Amino acid sequence: MKEYLTIMFGLVFVQNFILSQFLGLCPFIGVSKNRSSALGMGMAVIFVMVLASVSTMALYKGVFLNETLIKYEMDKYLDIVSFILMIAALVQFVEIAMKKMAPALYQTLGIFLPLITTNCAILGATQMNVVKFSGLGFAESLIKSALLGVAGGIGFTLALFLMAGIRERLENAPLPESMKGVPIAFIAASGMALAFLGFQGII
Amino acid sequence: MTVAIIAMAVLGAVLGLILAYASKKFHVETDPRVDQVLEALPGANCGACGYPGCSAYAEAVVLKGAPINMCIPGATGSAMAIGKIMGVEATATEPRFAMVSCNGDGVAQRFEYQGVKTCNAASVMGLAGAFQNCPYGCLGLGSCAKACPFGAIRMGEDNLPYVDENLCTGCGKCAEVCPRKLPKVGPESRVIFVRCNNKDRGALANKTCNHACIGCGKCERECPFDAIHVINNLAVIDYDKCKLCGKCVNVCPKNLIINVRAERKARKTAREEKAAEETA
């Protein structure tokens, strides 16, 4: 139980993908202009991150570390390129299926899905899974990967949502012309990162 | 090396087959007319039609049978284009323009306002933002000009917004952002307009602003159609009754009822000539 909580808390606060690992900065700046789209994007990230974590872990454990195939040492050099392929195809598949089966969900979530297909935060999560959990049993590694995906996604959403709230207020701030928009957003982001630095060392 | 090639090829082939199968199995039929209608719209996504954006309106027209003349920026042009796609006759829509119901240049300032320079920010601050003596008139911070998606509003030197009717499409964005709801959107034929929003009693209004409506009632007495009334110390035109004769314009001692018939007419003929040139 304790280790699950550690994963959860660690990925949301201590090792927050955006604010302490500086992964996924592109959507962090791009989609943080208003809170509703930040929330939509966050939901999409959680969804894709879980999907990517589980599917790549299954690929890694089931094929690369398979007893008959392990002698080819595919896990040493083939992980990133095959993960990208796997995630991209899966997100495509989910998008197509969602369009047909759940049009309402597609309207709110679907537009964000292609934006984060193989975002560096997603790829970072899968790599973190490999480093942390590949030594565990098949079922356990899948469960922990999924949890890491959820926690990472929630951390991402938290940072994105906070940022969107700040930027909505910055819109009305009297700023020098040259600081408006992205420059002040970067400064605000650095302030948030400093604040999250306070969580360091808890785990 | 060979192992890597084989592994990637197998992975790619498997995933490709799954996707190919999925796109067949989950294929969604979309009406090609939706895209055609979307192309006929101006694409400003202003929301004046009542739908969240141009694509939502296009979908509503094709799939739910929404009226084809709802697009205000596109006006008659896009309604006719949509009518051609949908196979229905378009009825011409009358262009609509925004007019600002304040003409108070040089209203005395109570203090120098240092806050955020948007009308909404000033008005939510209550007394601290009420830097201008008239509590009903234009604040002059230009939120409407910023909100206009067509660049039709320009702030004049007297700190009043001026609407360029060559660019205005009557989408109503300016009326939405104005905290005092001063811009009023009306059809082109509505040429008589009261350019004041001051609801104070005459003496007080007169003190606040040189151009304020003092509620004298001259217009009310002059009107042969019972169409203009002083309500809450402010002249208000009932456009259902108004025959646009312009008698009230002449009697107003403050000259704040205006008649823009001549300008509108000139602009209309210019527009029609241009349209005729384009079709020829």
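The values are calculated or read from the model by the stated rules, or taken from the named source; none is laboratory data. Just so we're clear, the structure is a prediction, and the values are computed from it rather than from any experiment. A quick note on method: Cβ atoms are made from the backbone with ideal geometry, for glycine too, and the neighbour counts reach across all protein chains shown. What goes into the accessible areas is simple: the full protein's heavy atoms, side chains included, and nothing from ligands, DNA or RNA. Shrake-Rupley method; radii C 1.70, N 1.55, O 1.52, S 1.80 Å.
Couple of notes before you dig in:
- Just one of the listed residues (A:Ile87, A:Ile80) is assigned to a helix (DSSP H, G or I), within 14 Å of chain B (Cβ to nearest Cβ), in contact (Cβ under 8 Å) with a residue 12 or more places away in the chain and under 14 Å from the mean Cα position of the chain (by Cα), and it is A:Ile87.
- Considering (1) modelled with pLDDT of 90 or more; (2) farther than 17 Å from B:Arg264 by Cα, the lone condition that B:Val194 does not fulfil carries the number (2).
- Complete set of residues in the range A:131-178 that are among the hydrophobic types (A, V, I, L, M, F, W, C), assigned to a helix (DSSP H, G or I), touching a helix residue (DSSP H, G or I) at 6+ places or on another chain (Cβ under 8 Å) and free of Cβ contacts under 8 Å to residues at least 60 places away in the same chain: A:Leu162, A:Ile166, A:Leu170
- Filter result for A:Lys71 (within 11 Å of chain B (Cβ to nearest Cβ), in contact with a helix residue (DSSP H, G or I) (Cβ under 7 Å, 6 or more places away or on another chain) and farther than 25 Å from A:Ile154 by Cβ): no
- Selected residue (only one of A:Thr108, A:Thr117 is closer than 22 Å to B:His27 by Cα, of a type outside the set (Asp, Glu), touching a residue at least 60 places away in the same chain (Cβ under 8 Å) and open to solvent by 60 Å² or more (accessible area, probe 1.4 Å)): A:Thr108
- Failed condition for A:Ser32, given (1) part of a helix (DSSP H, G or I); (2) touching a residue at least 60 places away in the same chain (Cβ under 8 Å); (3) small (Gly, Ala, Ser): (1)
- From the list B:Ala75, B:Ala22, the one residue that fits, being crowded, with 16+ Cβ neighbours inside 10 Å, at positive phi and of a type in the set (A, V, I, L, M), is B:Ala75.
- Residue within the range B:4-13 that is away from chain A (no Cβ under 14 Å) and among the aliphatic types (A, V, I, L, M) present: no
- Residues considered: A:Met192, A:Met163, A:Met98. Of these, the only one that is open to solvent by less than 30 Å² (accessible area, probe 1.4 Å) and within 14 Å of chain B (Cβ to nearest Cβ) is A:Met98.
- Test: residue in the range B:35-42 that is over 24 Å from B:Phe150 (Cα atoms), touching a helix residue (DSSP H, G or I) at 6+ places or on another chain (Cβ under 7 Å) and at pLDDT below 85: no
- Residue in the range A:174-181 that is among the basic types (Lys, Arg) and open to solvent by 80 Å² or more (accessible area, probe 1.4 Å) present: yes
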